[in-house]
1. Please name all residue pairs, on different chains or six or more residues apart, with Cβ atoms under 7 Å, provided the first residue is in the range 9-24 and is under 11 Å from Arg68 (Cβ atoms) and aromatic (Phe, Trp, Tyr) and the second residue is open to solvent by less than 80 Å² (accessible area, probe 1.4 Å) and assigned to a helix (DSSP H, G or I).
2. Among (1) open to solvent by less than 70 Å² (accessible area, probe 1.4 Å); (2) closer than 18 Å to Ala75 by Cα; (3) touching a helix residue (DSSP H, G or I) at 6+ places or on another chain (Cβ under 8 Å), where does Ala23 come up short?
3. If a residue has to be under 21 Å from Asp25 (Cα atoms) and open to solvent by 90 Å² or more (accessible area, probe 1.4 Å) to count, how many in the range 46-85 make the cut?
4. Among the numbered conditions (1) exposed (fewer than 12 other Cβ atoms within 10 Å of the Cβ); (2) touching a Pro at 6+ places or on another chain (Cβ under 9 Å), tell me where Ala33 comes up short.
5. Scan the range 72-82 and tell me whether some residue there is in contact (Cβ under 8 Å) with a residue 24 or more places away in the chain, within 17 Å of Ala22 (Cβ to Cβ) and among the hydrophobic types (A, V, I, L, M, F, W, C).
6. Select the helices (runs of 4 or more DSSP H) contained entirely in the range 26-85, then report the ones holding at least 1 residues which are within 16 Å of Thr15 (Cα to Cα) and more than 11 Å from the chain's Cα centre (by Cα).
Amino acid sequence: MLRTPVDGTRLRILTLLREQDAAADGLTAEAVAARLGLPRPAALTHLRLLTALGLLRTGRSAGRVRYRRDEARIAEVTRLFEKGW
């Protein structure tokens with residue numbers, strides 16, 4: 001569930017979505033792919049997994065799905081790791 005790929009793509013996505021412009025409105029899969037230099041299907045796979053884990057939330061704007069960090073859930077997971085699970 002919480003495995004990180006060797007290349008750190010999911011961590012890069014979470015970091016990208018923390019940036020000010022992305023945090024406010026979220027980013028589409030296309031925008032994430034473009035900013036990280038990934039194919040759209042690869043970005044979408046990672047975004048869906050992070051959403052399924054509860055680390056991202058989705059919303060719609062102009063008919064497009066936008067992804068945002070779920071800060072409360074990320075903090076909860078962080079606390080679990082700090083406690084040694």
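The values are calculated or read from the model by the stated rules, or taken from the named source; none is laboratory data. Since we're looking at a predicted model, the values are computed, not measured. Neighbour counts run over all protein chains shown; Cβ positions are idealised from the backbone, glycine included. Calculation scope for accessible area: heavy atoms of the full protein, side chains included, ligands and nucleic acids excluded. Shrake-Rupley method; radii C 1.70, N 1.55, O 1.52, S 1.80 Å.
1. Between residues of the range 9-24 that are under 11 Å from Arg68 (Cβ atoms) and aromatic (Phe, Trp, Tyr) and residues that are open to solvent by less than 80 Å² (accessible area, probe 1.4 Å) and assigned to a helix (DSSP H, G or I), there is no close pair.
2. (3)
3. Within the range 46-85, the first condition is being under 21 Å from Asp25 (Cα atoms), and the residues that meet it are 46-75.
Retained after the next criterion (residues that are open to solvent by 90 Å² or more (accessible area, probe 1.4 Å)): 48, 57, 60, 62, 64, 71.
Final tally of qualifying residues: 6.
4. Single failed check for Ala33: (1).
5. So in the range 72-82, the residues in contact (Cβ under 8 Å) with a residue 24 or more places away in the chain come out as 74, 77.
Right, trim to within 17 Å of Ala22 (Cβ to Cβ) and you get 74.
From the residues that got through so far, the ones that are among the hydrophobic types (A, V, I, L, M, F, W, C) too are 74.
Yes: one or more hits.
6. 29-36, 71-82
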